[in-house]
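As C-alpha cells, the structure follows; a few thoughts come after it.
The values are calculated or read from the model by the stated rules, or taken from the named source; none is laboratory data. Please read these numbers as outputs of a predicted model, since none were measured by experiment. Cβ coordinates were reconstructed from backbone atoms using ideal geometry, including for glycine residues, and neighbour counts include every protein chain displayed. We work out accessible area using only protein heavy atoms, side chains counted, and drop any ligands, DNA or RNA first. Shrake-Rupley method; radii C 1.70, N 1.55, O 1.52, S 1.80 Å.
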Amino acid sequence: MKALAPTHWPTIAKDISGLAVPPNLADYPATREAFSWAEERRTLTGLPGGHVNIAYEAVDRHAAGDQGHRDAFRFVQADGSIHPLTYAQLSHETDRFASLLRTLGVQRGERVFSLLGRVPELYIAALGTMKHGAVFCPLFSAFGPEPVRQRLDLGSGAVLITTRALYKRKVARQRDDLPSLRHVLLIDADGDPEPDTVDLAAAIADVPDYGPIAETGPEDMALLHFTSGTTGRPKGAIHVHDAVTAHSATGRYALDLHPDDIYWCTADPGWVTGTSYGIIAPLVHGVTAVVDEDEFDPERWYRILADQKVTVWYTAPTAIRMLMKAGAERAKQYDLSSLRFIASVGEPLNPEAVVWGEEAFGLPIHDNWWQTETGGIMIANYASMDIRPGSMGRPLPGIEAAIVARDADGEPIVHDGEAQLVTDPDVSGELALRPGWPSMFRGYLNEEERYRKCFVGGWYLTGDLARRDADGYFWFVGRAGDVIKSSGHLIGPFEVESSLMEHPAVAEVGVIGVPDEVAGEVVMAFVELKPGFEASESLKRELIGFARKRLGAAVAPRELEFTTALPKTRSGKILRRLLKARELGLPEGDTSTLESGR
Ligand code: ATP
Ligand code: MG
C-alpha cells in the first residue's frame, strides 16, 4: 500500500568542510561498500587463539599505559558530586568482581542479574561478569516484584546483585520460587547482610587476583537483554561476545565517537541502549562516559551537559519532548558549546524535535533506529549526512536493510523461499535486515519458536513498518500492530502524532485506531498539553482542525482526548496497545514494564 506523503520539513544540509572534528563517516556510501565485518574485527585486539571478550576490548586493553589514567566513567551522584573511575581502576574492580564469581563457584555461561540504579557497582558487575565468561542480565531497579521474579526465573539467574532495600521489597519473599538463585550480593550490607545474602564489600575484600580473562569464543553468550515490552510480553534476547565488533563500528559511524570525547548516554542499562551504548561502545572507543545516577530533570540535565563538557550526547525522544516542554530558553542559559553531536533512539523522533535541537543547541538531533534484537544501531542519521527531519536515516556500513512486501493480511510475501522486496520508493512494507551482523541476537531465551518466526525468506523481519525514499532514506511508519487501516488508507500513528506535535499547545501524543463501522477503524489521539494550556472543547476542536489541514480528513484524528500521563514503558516508549485496551475495555495484557502511575 502506498504510504502517505513525506513530511513538509526541509532537509537540513550539512557542511562538514570547516568542522574542528571531521565526521567519521564522511564518505558514505564508499565506506559502506568497502566495509567488511572481518576487517572491522581486526580493529579490535582480540585474545590469543581467536577468542574475544567484550570486557577485554572495553576495559583491559585500555588499562595499561597512559589511557589507564583516563576516566572511563564519571558518575554524577544525586547531590551533583562526581565519582570518577579510571580505566585502570575499572580493570582492577572488574577483576575483583570476576574473581568473586569464581570464588562463589559461578560457571561460565551462568546468568548474573543486577537490580540496581545507575551506580558504579552495576557497571563493574556487568563488565566483571563478562570477564569471567558468565552472562550478564540487567534489570530496571524500578521493576516490581513480579517482573523481577519472571525474568530471574526465565533466565535461571544464579546470582543477583542488588541493594538491601530492593532485595527486601522485591526478592526476599520470592526466594523459594527461584531455586536457581544461589547468591544474592548486597552492595550496601554494611557488615550486616540480610539472611541468605552476601555482603559484597566483605566478600570481595580478600578475593585472589583473577588471572587471565576468560577465553570466550565469539559465539559465547555474553548478555541477556529483555525487550521493552511495548507490544506484549517481553522477550529475552541473547547476545554473544562478537557483538562488540558491532558496538565498535556503530560507535564510530552512528555516534561519531572520537578518542577525546566526553560522551553521555542517558539510558539505563535495564534497557539495551544503556548497555550497548551506555557501557560497551564508549569504552571500546576509550572515551569518557558520563553516567547520571539520578532521574530526569531539565535543569539537572543541562547542568551535566555544561559542567561535564559533554561532546556527544545520546538520548531518547521522550526526554527530548520533555526538554521541549520546558522550553528552548532553558537550554540557552547554559554553556553547551562543547556539544558536537546529538543522537536519539527508542521511538520515532518527530520532525519538530529534530528541528528544535537546532533552536536549543544549534545542532539538529540525529535519529537512529535499532532494537534489542539487533544489539546495535542499524539505521542512522550519521554526522555528515543531510538530515530529512522525520527519517531514521540510512543503513550503516555492514548492514543491509530492505522493505519486505506484505499481503492483504499483513503477512510477508515469499516466492521460492525468498521474500519479495518492495523496490518502488515510498511504498511501505515490513522493515527487514539481512542476517549476519555480529550483534544480531542468537535467540530468545527458551522461546525457539518465537525466534524462528522472525526469519522469513532470507531476512530478519523487525515487526516495524517502514518505507524507503528514492534517495535511500528510511522512514518509520509504525509498529506492524499499531498501524491503522481507515477507509483504505494505511495510517502510521507516527505521522499523525508528529503533525499534532507541531501545534504549540501539544507536549506529547499517542495515537491509536478504534473500530468504526464505516471506515473499519478511525484515528483517535491522546494528547498531553504543555504548561500554560488548558484542556477544553474548543482546544480539542482546534487540534482536530489543525491535524485535518495538514493530513486531510481521512487521516486526521476523528476523536481526541486530553490526558496528563500517557502510559509509557520504563524505557520511555508510549504504550499504544495499552491506550487501546483501556479505550476498548479489553484486558491490559503484560504491563510488567509500565512506568508506575501511568
Ligand atoms: P517489545 O519488542 O517487547 O514489544 P520494544 O520493541 O519497544 O518492545 P526495544 O527493543 O527496546 O523493545 O525497541 C525496539 C523498537 O523501538 C523498534 O522495533 C521500533 O519499533 C522502536 N524504535 C526504536 N528506535 C526507533 C526510531 N528511531 N524510530 C522509530 N522507532 C524506533
Ligand atoms: Mg520489539
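Conditions (1) small (Gly, Ala, Ser); (2) within 30 Å of TRP37 (Cα to Cα), marked per residue:
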residue: GLY327; (1), (2): yes, no
residue: GLN333; (1), (2): no, no
residue: PRO348; (1), (2): no, yes
residue: TRP356; (1), (2): no, no
residue: GLU359; (1), (2): no, no
residue: THR374; (1), (2): no, yes
residue: TYR382; (1), (2): no, yes
residue: ALA402; (1), (2): yes, yes
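Looking at this structure, is ALA343 touching a residue at least 60 places away in the same chain (Cβ under 8 Å), crowded, with 21+ Cβ neighbours inside 10 Å, within 13 Å of ligand 1 (Cβ to nearest atom) and small (Gly, Ala, Ser)? When the stated conditions are applied, ALA343 passes them. Is it the case that some residue within the stretch 370-390 is open to solvent by 20 Å² or more (accessible area, probe 1.4 Å), at pLDDT 95 or above and within 10 Å of ligand 1 (Cβ to nearest atom)? Yes, the stretch 370-390 has at least one match.
Reported count of residues in the stretch 235-245, each being of a type in the set (A, V, I, L, M) and either open to solvent by 10 Å² or more (accessible area, probe 1.4 Å) or more than 15 Å from ligand 1 (Cβ to nearest atom) (or both), is 3.
Among residues of the stretch 1-35 being open to solvent by less than 40 Å² (accessible area, probe 1.4 Å) and at pLDDT 95 or above, the one that is farthest from ILE279 (Cα to Cα) is ILE12. The condition (being of a type outside the set (A, V, I, L, M, F, W, C) and touching a helix residue (DSSP H, G or I) at 6+ places or on another chain (Cβ under 6 Å)) is satisfied by just one residue among HIS132, HIS183: HIS132. Filtering the stretch 29-73 to residues that are assigned to a loop (DSSP other than H, G, I, E, B) and out of contact with any Lys or Arg (no Cβ under 6 Å at 6 or more places or on another chain) leaves PRO29, PHE35, SER36, THR43, LEU44, GLY46, VAL52, ASN53, ALA64, GLY65, ARG70. Looking only at residues of the stretch 264-288 that are within 16 Å of the chain's Cα centre (by Cα) and over 18 Å from THR372 (Cβ atoms), we find that the one that is surrounded by the fewest Cβ atoms within 10 Å (Cβ to Cβ) is TRP264. Scanning the stretch 218-234 for residues that are within 15 Å of ligand 2 (Cβ to nearest atom) and either at pLDDT 95 or above or open to solvent by less than 20 Å² (accessible area, probe 1.4 Å) (or both) returns HIS225, PHE226, THR227, SER228, GLY229, THR230, GLY232, PRO234. If I filter the stretch 395-412 for residues that are away from ligand 1 (no atom under 16 Å from the Cβ), without any contact (Cβ under 8 Å) to a residue 12 or more places away in the chain and of a type outside the set (D, E, K, R), do I get at least one hit? For the stretch 395-412, residues away from ligand 1 (no atom under 16 Å from the Cβ), without any contact (Cβ under 8 Å) to a residue 12 or more places away in the chain and of a type outside the set (D, E, K, R): present. Cβ-Cβ distances below 8 Å connect the following pairs, each with a first residue in the stretch 440-457 that is under 14 Å from GLN371 (Cβ atoms), a second residue that is polar (S, T, N, Q) and open to solvent by less than 20 Å² (accessible area, probe 1.4 Å), and a separation of six or more residues or different chains: MET440/THR374; PHE441/THR372; PHE441/THR374. Return yes or no: is ALA55 touching a helix residue (DSSP H, G or I) at 6+ places or on another chain (Cβ under 9 Å) and either at pLDDT below 95 or open to solvent by less than 20 Å² (accessible area, probe 1.4 Å) (or both)? Judged against the criteria, ALA55 is a match.
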